[in-house]
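Shown next, in structure tokens, is the structure this report addresses.
What follows draws every value from the coordinates through simple rules; no lab data is involved. The structure presented is a predicted model; accordingly, all values stated were derived computationally and were not measured. FYI the Cβ positions are ideal-geometry reconstructions off the backbone, even for glycines, and counts take in every protein chain you see.
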Amino acid sequence: MIPLLPVSRAGSVVVAIASALVALSAVGVGAAAIMLPELVPGAKRAWTLAGFELIALVAAILGILFSLGRFRTAPSMALVCVAGTVFSAAVLGFVGVQGRMGETSLMPWLLTRMGLVAAIAGVAAAVALGRSREAIRYFLRAVLVGVPTAAILGFVALRFGVVEEFVKGLSGPVLYGGGAVVALVVGGLICASVHLLIRAFEVSAVNEPTA
């Protein structure tokens, strides 16, 4: 029988609470997305958002099962999968409805969901980094690459109007050429950061005993 690897009680509680909140919000937001015409006359059903909330619900259920003792042969990888799925579903659902459901902005919901993702990912990082020095090195590299990239993207999101005005003032060749360079650089940094982060958890999983 494969033994369950130790995860602190506090970590399990954090995962349980965060996953439960994700599950409850997924049910509520998903139902509201489907019933949107009844809630807001003239609005269309937000099937895209509802579909991604269903995916988030499944991931949240897996997170709850984890907190109850399942998937402990590689806990850091299991939690990364849960956090990554919830993150992707939230972002894609938000983009799919252009950040609004009827007249209501979904930004508070998105930020709250990101906070829950961060809680689950934090437990995953604590589990992984506590077992392997090599994993710590990869994780620090991922942070060094990822934090500046996240800061750039955050600035663009918060100051989108300013960025949009600046872009409108650029000539065609500069706009397209500069845009291509920026897209390649930012895309490359994101890929590098994600690769290093995944590598950190892979190293941790390899170093975790399975028997």
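Per-residue packing, averaged as other Cβ atoms within 10 Å, sorts the ranges 85-97, 185-197, 62-74 into the order 85-97, 62-74, 185-197, beginning with the highest. Using only the Cα atoms of the stretch 47-158, build the gyration tensor, take square roots of its eigenvalues as a ≥ b ≥ c, and label the shape rounded, prolate or oblate: rounded if a/c is under 1.5, else prolate if a/b is larger than b/c, else oblate. Oblate, since a/c reaches 1.5 and b/c is not below a/b.
Tell me, Y176, Y138 in order of fewest to most beta-carbon neighbours within 10 Å?
Details: Y176 11, Y138 22.
Result, fewest neighbours first: Y176, Y138.
Can you tell me the length gained on complete extension of the stretch R70 to E38, counting 0.36 nm per residue apart and subtracting the Cα distance?
Numbers: separation 32, 0.36 × 32 = 11.52 nm, distance 3.96 nm.
Length gained between R70 and E38: 7.6 nm.
Assuming R0 = 30 Å, can you tell me the calculated FRET efficiency for the pair L184 and M114, based on Cβ-Cβ distance, to the nearest 0.05? Mind dumping the intermediate values first?
Details: r = 26 Å, r/R0 = 0.87.
About 0.70, to the nearest 0.05.
For the stretch 22-36, the residues whose amide N sits under 18 Å from a probe point set 7 Å from the Cα of W47 along the beta carbon direction are 30-36.
Structural descriptor for the stretch 50-90: relative contact order 61 percent, calculated from alpha carbon pairs under 8 angstrom and at least 6 residues apart.
Could you pull out the trypsin sites (Lys or Arg not before Pro) across the stretch 1-65 that fall in loop regions by DSSP (anything but H, G, I, E, B) with no more than 15 other Cβ atoms inside 10 Å? List each step's numbers first, then the result.
Numbers: sites: R9, K44, R45; in loops: K44, R45.
Here the trypsin sites (Lys or Arg not before Pro) that fit, given the DSSP loop and packing criteria, are K44, R45.
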